[in-house]
Amino acid sequence: MHISGKILAGFVVIGWIVGLIFTSGDLKIRNAWMKRAQDAEEEFQKNDEQLVQKRALLANRRRELARVMLPWDRYWTKITGTPLGGAGDGKVQLEGVGSNHGLTEKHVIYLFAPNADGSSTLLGSGGFRVTKALEDRAALEPTWRMRAGDVSAKPGEWRARALVPAHYEARFSQLEVELIAADDALRAGQQELDRQTEAIKVATEHLNLRLNEINGNPDLEGKDLPPSIVKGLLTVLEDEEELRNAALAQVDRLLRDLKQTREAFDRVRQANVELTNSLPHPAATPPKVSATSR
């Protein structure tokens, strides 16, 4: 074979080898892309199934939200509320909601104040009745019997709702009945406490009078009053007892002196008798006979 044929055959072999190498790389690349395409298709199907589930869950949640929100009716947020309970009457003023939101006089709404944890607290024991409605503000008063601390929220951003569920309304009515009974019991207890306090006051005054009668009253010192009133019965009795004891002691001393005097007198008399008996006695003389006796 000619040398040029050999060279050409060498180039053909080299080309075949290079082609084989590039063909193997293309196969690897093709296989990698095919695998990525299969993985993407599987992920797409999986995401598609999850999307269907999420859409169904979203629709279910929306239905539940609509069912829950239906009894609450309309609501208003980001309104500024200010308690006007200077006299404890529970009146409030709202800014940011009024006749432009459909509020009219005698309309009843429910107010909520936010808590630090993000929840809300119902103000009072029921709804508030609109007493005056302007375009963007309204004045309201409570529809229940006002009690101390019912509207204790600070001025700030409140929320309002047009309705509350019926079971809450029933609970409000039940609580109102219970609170009225509790108020009556508290009022009766307070009246009884006041009566007993007054009785204790009168009893204390009488006790002080009796103690002053017994122990005396320093405030009456120097006044022209009986000693028993100024010094007290106890002091007067003690003084009388001391006078009595002094008199008894003096009487005892006098009795002792009298006894000693009597004993001395008896001794002197006995000595006189003994001295008299020791004297000589004269002879006995016959009795004289009178003239009349003859």
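Tabulated data
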{"quantity": "Diffusion coefficient, µm² s⁻¹, Stokes-Einstein with Kirkwood Rh over alpha-carbon pairs of the stretch 73-164 at 4 °C and 1.567 mPa s", "calculated": "101 µm²/s"}
{"quantity": "Above-threshold pairs, the threshold being 30 Å between Cα atoms, out of Lys106/Lys154; Lys201/Lys223; Lys154/Lys201; Lys78/Lys106; Lys231/Lys259; Lys28/Lys54", "calculated": "Lys154/Lys201; Lys231/Lys259; Lys28/Lys54"}
{"quantity": "Residues Asp89 and Asp219, FRET efficiency given R0 of 45 Å [Cβ-Cβ distance, rounded to 0.05]", "calculated": "0.40"}
{"quantity": "Amide H contacts under 5 Å for Leu84, placed H, 5+ residues apart", "calculated": "Lys91, Val92, Gln93"}
{"quantity": "Normalised alpha carbon radius of gyration of the stretch 173-266 [divisor 2.2 N^0.38 Å]", "calculated": "2.45"}
{"quantity": "Ordering of 135-144, 243-252, 210-219 by burial proxy (mean other Cβ atoms within 10 Å per residue, highest first)", "calculated": "135-144, 210-219, 243-252"}
{"quantity": "Inter-part distance where the stretch 96-140 and the stretch 171-243 are each reduced to a Cα centre, Å", "calculated": "51 Å"}
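None of the figures in this text is laboratory data; all of them are computed from the coordinates on show. Predicted model only: the values in this text are computed from it and were never measured. Note that we place each Cβ from the backbone using ideal geometry, even for glycine, and neighbour counts take in every protein chain shown.
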